[in-house]
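Q: Let me begin by handing over the structure; questions about it come next.
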Amino acid sequence: MSPRVARVFTLYQKEWMRIKRNPAALMAVGLIILMAFLVNIENKARKQEKIQESQPCALVFSTEDSFIKHLKSLPESQKIRFIQTEQLVISSTLNYPANIRCVAEIYPEASVEQVMHRRIKFRMVGESPQLQQLSRWVIASFANFNAKVKLDFSISAMQNNTPTKTLGNIDLSTSGSKAIVGAMLLFSAQYFLCFALFISFSAHERERGILQALALTATSAGELLLSKILFHLSLSWVASMIIMQTLSPYNIWAFPANLLANGVVILSSLGLISVAAIITSLNRTQTSASLVGFCYLMLMGVIFALAPKFIAFNAIRTFMFEGHAILLFTVILDNFSKPNMVKAGGALIFLLWQPVLLLFIASIIWKKHGWHNP
Amino acid sequence: MITIENLTVKFDNFTAVNQLNLHVKRGELFGFLGPNGAGKTTTIRVLNGALKPNAGCVRISGFDIAQQLQAIKTIVGYVCDTENHYEELTGRENLTLFAKLYGVPSDTVATWLARLQLTEAADVRVRGYSKGMKKKLLIARELLHQPQLIFFDEPTANLDAHSIALVRKLMRDLVAEGATVFLTTHDMEEVEAICDRVAILAKGRLLECDTPTAFITRHAERFCDVQYDQNGVTYRQSFHLDLDADRQALAEIVLKEHCVRVHSREFKFEDVFKKLTGEIYT
């Protein structure tokens, strides 16, 4: 191993040792991974719930009713959701579960003028094609079950007023929304590991003069920066892969083997590290560097919020790699869905050169100001 | 070992070091003194390569600092005035890190820990060290690679009497082993006790450079303090022995009065320093 490589490796090991002694610094990333896990659970639960909610529904008053038992024994009953209620008088304003499009209210048998009757009321929202299937199946089943009992059925409208469950304005049941939330979580983890942690560690070293002491050994300023880049890149890559796999846990090698996913993670991390290196180099104290880092985040938020409405902000956003990285993360997590692919191509072109340019600028500033005592 | 020619360092309109010329010989303990803001630390920063001068030339062991900084780094050690360690790491881990960066064997770490009496605390995190221990760890760190030239910036500040003696002995031992020590301190007693030669700097300019003894000989002012009784009242008077009138007055008192106490005042290096720098600042 050449002395230069050995020195970079020693400094890289030193960074790991520091984080090992101060694991609480990674707590925020742990929380982000936990959030990814929760998003995944919510996504699955919502999908299942939606499938169930969209099934035709049979409202019954007793599961011991022989006709209900007969219906349940039929193979088609798998596609019907049976809901039991004790409320004998049902009005059209009954608060049905969300997303139910049609329902068959099957009342118990009753004697009317010494003739046995069974009343079935079909309700629907708008024009539901499910209604035809449901009514045919219920009526035909009843005819087969007991032809002696008179069947009264009617059709009326249903008020379905339960709102769909949402997180803000995002419905987590779709893969697209899950991808957007996932991309935000990924970027947050990268921001923390490559930006906030870089500033925290390096500005502290710089303010105390440790970087200068290191640079006065045989180590060069470039080697110092390289070891830091490798450390923060490693952390960011590991965290990003864990978050991606947590969001899509079906294939364990889906993301580590995905060239584009790796490329975007590395490039966006490099971009964030570069900005952090510039901020660290130009600030005298850890406090001011952290403050500027926070302001950068706020500024980024303002630009992204105003970009859709103002051309100037939109132009600035074009030259911010963060937006392109988030878009590409969304596309990757959404399994390359078509509507985003054209935009993603443009974003990739920007992401290929912007972080590299920033890294070049950062290395120049770092060599001039970054390593020595302010 | 060190040759400084016409060194000038400016911060905007303020001249921190002005046309400094200095030559430090190999194997000497050189004291670099001056009041606060005289330009000592700025000069050391230039000598370390941490600061680029506005003008002048600096050579260390024949290497030009502007052109051959990488070669100089391996032969120089810098014990700065602030303790800059990784506080979350232990003393041994801190030294091992620097040993690896200097490319020296890891057993050197144990040797220096023992030499600075830090073996017992070697595996304690630096966060738990006292200021004095941190200073000693810093000294050990900068001596790991056996540098030919060591800059000590107030090495005995915050140290107890035993540690001060240890560090002073260490500096003398380093010189005996052939290293050159460049010492900056405000402890004039220390300078007088251990320095071979001393340079005094004020307002960025070199005032004088010589041995401490030569300084004292050249600038000593002889005073005599007398205490005598006259009609039951005790008087005290000081006489400058280099002035004829004072000498005559002293002789008269000694002859005529009942002297209780007569003693000459010792002129120390600190008095030389105050005299020289005081002239500049008043």
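The values are calculated or read from the model by the stated rules, or taken from the named source; none is laboratory data. Not measured: the values here are computed from a predicted model. Cβ coordinates were reconstructed from backbone atoms using ideal geometry, including for glycine residues, and neighbour counts include every protein chain displayed.
Q: Name every residue in the range B:43-58 that is within 14 Å of chain A (Cβ to nearest Cβ) and touching a Leu at 6+ places or on another chain (Cβ under 7 Å), in order of residue number.
A: Across the range B:43-58, the qualifying residues are B:Arg45, B:Val46, B:Asn48, B:Gly49.
Q: Between a first residue in the range A:119-146 that is at pLDDT 80 or above and a second residue that is acidic (Asp, Glu), which pairs have beta carbons less than 8 Å apart while being 6 or more apart in sequence or on different chains?
A: A:Arg119/A:Asp152; A:Ile120/A:Glu105; A:Ile120/A:Asp152; A:Lys121/A:Glu105; A:Phe122/A:Glu105; A:Arg123/A:Glu105; A:Trp137/A:Glu76
Q: In addition: Kindly evaluate A:Leu230 against the criterion of being modelled with pLDDT of 95 or more, touching a Phe, Trp or Tyr at 6+ places or on another chain (Cβ under 9 Å) and away from chain B (no Cβ under 14 Å).
A: yes
Q: Which helices (runs of 4 or more DSSP H) does the range A:288-374 wholly contain that include 2 or more residues that are over 24 Å from the mean Cα position of the chain (by Cα)?
A: Where helices (runs of 4 or more DSSP H) fall fully within the range A:288-374 and carry at least 2 residues being over 24 Å from the mean Cα position of the chain (by Cα), they are A:311-318, A:341-365.
Q: Search the range A:148-181 for residues being in contact with a Pro (Cβ under 9 Å, 6 or more places away or on another chain) and surrounded by 14 or more Cβ atoms within 10 Å (Cβ to Cβ), and hand back the single one that is modelled with the highest pLDDT.
A: Only one residue fits best here, namely A:Gly176.
Q: With the structure loaded, tell me whether B:Gly31 is within 11 Å of chain A (Cβ to nearest Cβ) and under 17 Å from the mean Cα position of the chain (by Cα) or whether it fails that test.
A: No; evaluated as a whole, the condition is false for this residue.
Q: Go through the residues of the range B:110-124 one by one and say whether even a single one is within 9 Å of chain A (Cβ to nearest Cβ) and without any contact (Cβ under 8 Å) to a residue 40 or more places away in the chain.
A: Checked against the condition, which is being within 9 Å of chain A (Cβ to nearest Cβ) and without any contact (Cβ under 8 Å) to a residue 40 or more places away in the chain, the range B:110-124 yields no hits at all.
Q: Away from chain A (no Cβ under 12 Å), over 20 Å from A:Arg21 (Cα atoms) and surrounded by fewer than 21 Cβ atoms within 10 Å (Cβ to Cβ) - does that describe any residue in the range B:79-97?
A: No, that holds for no residue.
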